[in-house]
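Peer 1: Have a look at this one.
Where a number appears in this text, it was derived from the coordinates with a stated rule and is not lab data. Since we're looking at a predicted model, the values are computed, not measured. Note that each Cβ is placed from the backbone with ideal geometry, even for glycine, and that neighbours are counted across all protein chains shown.
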Amino acid sequence: MAGWVALQPEHTRRRRSGPSTHNGRVKITPVDPDRVEPSVGAVLRAQAKRWGAPLLNHRLYARCPTIFRAVRGMWAGIDASGLIDAGLKAMVNRRVAMLNGCPF
């Protein structure tokens, strides 16, 4: 897509109103947990109760409630399938957290 934008005449290009960048990384503002639809807010409050704060990735998914519900559904399906051992899932979560610089 980026190549397509470059081929457009200068006067027809639209300025992107998407996320800002910071040090070469995309920075997306997470939602305020108190300003989301009730079903999303209930999940974020439960996370805050369990871990002290809502999980950042869920605050990002919550920007679009349909994506939020889809991601939650994916994890529920993985859990319900029983195909991934709980210990393996915990190790993968910790490894991903370490790679992301998150103090899991």
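Peer 1: Can you tell me how region 17-99 classifies by the Cα gyration tensor, rounded, prolate or oblate, using a/c under 1.5 as the rounded cut?
Peer 2: oblate
Peer 1: Another question, then. What is the sum of charges, Lys and Arg at +1 and Asp and Glu at -1, for the other residues whose Cβ falls under 15 Å from the Cβ of VAL31?
Peer 2: So the surrounding residues net to +4.
Peer 1: Excluding PHE68 itself, calculate the net charge of residues whose Cβ lies under 10 Å from the Cβ of PHE68, where each Lys or Arg counts +1 and each Asp or Glu counts -1.
Peer 2: Surrounding charge for PHE68 is +3.
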